[in-house]
Amino acid sequence: MPDYGQIPVGAGTLDARLVLGLAAVLFTIGAIGVLIRRNPLVILVCIELMLNAANLTLVAFSAQLHNLEGQLFTLMTMTVAAAEAVVGLAVLVDIFRVRDVDDIDDLNELKG
């Protein structure tokens, strides 16, 4: 019967609470960044940080339970996050070409 409090890493094991604590800290930093910052590029980076924290929890639980479904779901989430980053950056580049804004509150209209 495997010990469900440990995650196998290489030749040793890692406590699952450490990995989940790191993921919670990363998610909290990302959420605070989204709520506080006004720069659209920084907000996109903070959203990516939150997605990576969620991916870290999926991989931790997948390794802890010896189940590959969490790792496969993480791979799909990373693909969607990469597509989201590409589309988000393309929209930001287009907005910055048309208007010179640094604050996300200035982007309240869709007309160019």
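May I ask which residue of F96, G33, L22 lies farthest towards the positive end of the charge dipole of the chain, with charges of +1 (Lys, Arg) and -1 (Asp, Glu) on Cβ and the Cα centre as origin?
Ranked along the dipole, the leading option is L22.
Relative to the longest principal axis of the chain, what angle (0 to 90°, nearest 10) does the C-alpha long axis of helix 40-64 take?
Helix 40-64 and the main axis of the chain meet at about 10 degrees.
Quick one: order T28, T77, T13 from most to least accessible surface, probe 1.4 Å. Kindly include the intermediate steps, with their values, before the conclusion.
Details: T28 70, T77 30, T13 95 Å².
The ordering from most to least exposed comes out as T13, T28, T77.
Multiplying the sequence separation of V91 and D106 by 0.36 nm and subtracting their Cα-Cα distance, what value in nm do you get?
Numbers: separation 15, 0.36 × 15 = 5.40 nm, distance 1.50 nm.
Result for the pair: 3.9 nm of gain on full extension.
Among A83, I43, S62, whose Cα lies farthest out toward the positive end of the dipole of the range 9-107, if unit charges sit on the beta carbon of Lys, Arg (+1) and Asp, Glu (-1)?
So the residue furthest toward the plus end is S62.
Of the peptides 45-53, 87-95, how do they stack up when ordered by the mean number of other Cβ atoms within 10 Å, highest first?
Working: 45-53: 18.2, 87-95: 12.9.
Going by the mean number of other Cβ atoms within 10 Å, highest first, we get 45-53, 87-95.
Nearest 10 degrees is fine. How inclined is helix 69-98 to the longest principal axis of the chain, computing both from alpha carbons?
Approximately 10 degrees, to the nearest 10.
Taking the Cα centre of the chain as origin and charging only Cβ (+1 Lys, Arg; -1 Asp, Glu), how large is the dipole, in debye to the nearest 20? Please list the in-between numbers first.
Numbers: 6 positive and 12 negative charges, 21 e Å.
Result for the chain is approximately 100 debye, rounded to the nearest 20.
Which entry in (1) 1.13; (2) 1.04; (3) 1.36 is this structure's computed Rg/Rh (Cα atoms, Kirkwood Rh)?
Recomputing Rg/Rh (Cα atoms, Kirkwood Rh) here gives the entry labelled (1).
The values are calculated or read from the model by the stated rules, or taken from the named source; none is laboratory data. Values in this document were obtained by computation on a predicted structure and should not be read as measured data. For neighbour counting, all protein chains shown are included, and Cβ atoms are generated from backbone atoms with ideal geometry for every residue, glycine included. Surface accessibility is based on the protein's heavy atoms, side chains included, excluding ligands, DNA and RNA. Shrake-Rupley method; radii C 1.70, N 1.55, O 1.52, S 1.80 Å.
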